[in-house]
Amino acid sequence: MPGAPGPFEQVYADHVVGIYRFIFARVGNRPDAEDLTAQVFIRAVEHLDTAREPRQITAWLYRVAQNAIADHWRAFYRLPLVGMEQVAPGWEPADGDGRPALPPDDSSLARVHALLGRLPDRYRRVLELRFLQRMSVAETATAMGITSGNAKVLQYRALRRAALLEEGRHG
């Protein structure tokens, strides 16, 4: 039938609003959420197998969105990649090119530490565990003695507060 959407167009139509909302809730502003949503679907055009089951497609899209969000926050705060001795076994570099990351300059590290220092203790701790130590949500929850659901909520609130603090610094 002419004009009927193709498989990718259908995946996009079914998921774009949910992915955007998921990202927006974690970055806290419209321009970044729109950019990251676009990145997710660009990656989907390049790599998604639309013949997979709908559940698998949904899970894959949300995993790509989570990775895009993590990359966004690392780039935004210019966080260093941690050394291998600080990473859980089985971790591999995201880009896989084998090149070492450039160390951050002193001013970006000072900025990160200053921002973290302005957050409540639990917010600072969850961000340190998730993004500096690169722990999973489950590992973070265990380290903090809370449930995984609570760790997710705490991370969301911490990122939101950090974004608002940073926005106020530049606003």
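Listed values, structure above:
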| quantity | calculated |
| --- | --- |
| Failed condition for VAL82, given (1) modelled with pLDDT under 90; (2) hydrophobic (A, V, I, L, M, F, W, C); (3) under 19 Å from TYR156 (Cβ atoms); (4) not assigned by TED's automatic domain parsing to the domain that holds GLU139 | (3) |
| Residue check for ILE57: surrounded by 13 or more Cβ atoms within 10 Å (Cβ to Cβ), on the phi < 0 side of the Ramachandran plot and over 13 Å from the mean Cα position of the chain (by Cα) | yes |
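The values are calculated or read from the model by the stated rules, or taken from the named source; none is laboratory data. The shown structure was predicted, so the numbers you read here are calculated from the model rather than taken from an experiment. Cβ: placed from backbone, ideal geometry, glycine included. Neighbour counts: every protein chain shown.
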